[in-house]
Amino acid sequence: MAATFELAAFVDDCRRLAAGPHGPARVLERMREALADPAGIAAAVQPLTPGVGALDAPLHRADDLTVLNVTLAPGLVTIPHDHAMWAVVGIYQGEEVNTFYREAGAGQPLAEANRRRVPAGEAILLGEAVVHAIENPLATPTLGLHVYGGDLIGAQRRMWDGALDGPHPYDIPQFYRWSRELALSRRAAAGA
Ligand SMILES: [Fe+2]
């Protein structure tokens, strides 16, 4: 029998699993189960209205776990950033392309390591040290459910600018500003 997604039960399960052995891997499994019911997730969480960031409207925020409903607008790109904790990213509509980076050493720009496309129905686990950037390559919104192993909103995080220089302390307005500039410069380069 297919389970219907229920947000409170999902959050409770994630908290319980995260606190146990192999917590992040168990949360990843739980996310994959949830993604079997994309319509149920969509009914339980509202897509964010444009201009409202996922960090402004967490589905759950506590010291041990944060759950976000993340809407990626068509064509959205972000600058590279870390989370300072593990993360499970599940996509229930559209797709998210992840670019992973290697820190090349003090004073050196980030180096691109690899890419991974996460289509609807799939989830990935990101370790605590991961630095990534994401994009929505589609002309439609990408919707995701993200679980973080701590208080993401209160965490000391890092980000890099569009030229991969940094790290800079994570700052939400600056993050969105640089991400928008990066999207514009890529669009201009693609049209040139
Ligand atoms: Fe991220």
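Bear in mind these aren't lab numbers, they're just calculated from the coordinates by the rules spelled out. Not measured: the values here are computed from a predicted model. Glycine also receives a Cβ, built like all others from the backbone with ideal geometry; neighbour counts cover every protein chain displayed.
Run the dipole for the stretch 7-187 about the Cα centre, Lys and Arg Cβ at +1, Asp and Glu Cβ at -1, nothing else charged, and hand back the magnitude in debye, nearest 20.
For the stretch 7-187, the charge dipole is close to 240 debye.
Long-range amide H contacts for residue 131: which residues qualify at under 5 Å (H placed 1.01 Å from N, peptide plane, sequence gap of 5 or more or a different chain)?
Excluding prolines and chain starts, which carry no amide H, the hits are 101.
How big is the dipole moment of the stretch 130-192 about its Cα centre under a simple scheme where the beta carbon of each Lys and Arg is +1, that of each Asp and Glu is -1, and everything else is neutral? Debye, nearest 20, please.
140
Any idea how far apart residue 100 and residue 139 come out in nm if each label point goes 7 Å out from Cα toward Cβ?
Simple spin-label model gives 3.2 nm for this pair.
Grab the Cα-Cα distance for residue 171 and residue 57, subtract it from 0.36 nm times how many residues apart they are, and report the gain in nm with one decimal.
Fully extending the segment from residue 171 to residue 57 adds 39.4 nm.
Can you tell me the length gained on complete extension of the stretch residue 120 to residue 33, counting 0.36 nm per residue apart and subtracting the Cα distance? If you can, show how the numbers build up before the last one.
Values: separation 87, 0.36 × 87 = 31.32 nm, distance 1.29 nm.
Residue separation times 0.36 nm, minus the Cα-Cα distance, leaves 30.0 nm.
Kindly list the residues of the stretch 132-154 that lie in the label zone of residue 190, defined by a backbone N under 19 Å from the point 7 Å along the Cα-to-C-beta vector.
133-143
Which of rounded, prolate or oblate describes the stretch 99-165 when judged by the alpha-carbon gyration tensor and an a/c cut-off of 1.5?
Working: a/c = 1.94, a/b = 1.33, b/c = 1.45.
Oblate is the answer for the stretch 99-165, as a/c is 1.5 or above yet b/c matches or exceeds a/b.
Under 5 Å between amide H atoms, partner at least 5 residues away or on a different chain: which partners does residue 157 have, H built in plane at 1.01 Å?
The answer is 170.
Cut-off is 10 Å between beta-carbons; in what order do 22, 168, 132 appear when sorted fewest neighbours first?
With the sparsest Cβ surroundings first, the list reads 22, 168, 132.
Amide H to amide H under 5 Å from residue 120: which residues, 5+ apart in sequence or cross-chain, H placed 1.01 Å off N in plane?
94
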